[in-house]
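Engineer: Dumping the structure here so I can ask a few things about it.
A short reminder: the numbers here are calculations on the coordinates, not readings from a lab. As the structure is a computational prediction, the values presented were derived from the model and not from experiment. Note that each Cβ is placed from the backbone with ideal geometry, even for glycine, and that neighbours are counted across all protein chains shown.
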């Protein structure tokens, strides 16, 4: 269980980025003919490859909204097609199986931003800044 919290290797990062690029191209060209995915603009924000490169989680964010559950179901139905297209374009010993998930990092970032702009937080930040004038600067 200790190995689960390790940072991804350079190979995982490199393969993940290559997969993200190829899958983004497949989606932007409209190659997926599923009715729930057709006509929806999707952004592939990240692809996380497993250490053995047999599985990859593809994080997507639909631009312009839409029924997220239906879009993810359509992507799940199209995963084998996407895997076949990726296998033709990327040289890997084994093409990973894809799991599509909604990327919530934009929502999380927006929520944190809204929290930081609340008046009580601004007041607290203002008090902290006033007491720390020129700390850490060499004159």
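Engineer: Please list, short to long, the whole-number percent of alpha-carbon pairs of the stretch 38-98 in consecutive 5 angstrom bins beginning at zero.
Structural biologist: Per 5 Å bin, starting at 0, the Cα pair percentages come out as 4, 16, 25, 27, 16, 9, 4, 0.
Engineer: Along the Cα→Cβ direction, 7 angstrom out, place labels at residue 46 and residue 122. What is the inter-label distance in nm?
Structural biologist: So the label points at residue 46 and residue 122 sit 3.0 nm apart.
Engineer: In nm, give the distance between the simple-model label positions of residue 112 and residue 28, each being 7 Å from the Cα along the Cα-to-Cβ direction.
Structural biologist: Result for the modelled spin labels: 2.7 nm.
Engineer: How much length is gained on full extension from residue 11 to residue 54, taking 0.36 nm per residue of separation minus their Cα-Cα distance?
Structural biologist: 14.2 nm
Engineer: Could you give the radius of gyration (one decimal) and Dmax (whole number) of the Cα atoms in the stretch 2-103, in Å?
Structural biologist: 13.4, 43
Engineer: Still on this structure: Taking other Cβ within 10 Å of each residue's Cβ, how do 24, 78 sort, fewest first?
Structural biologist: Result, fewest neighbours first: 24, 78.
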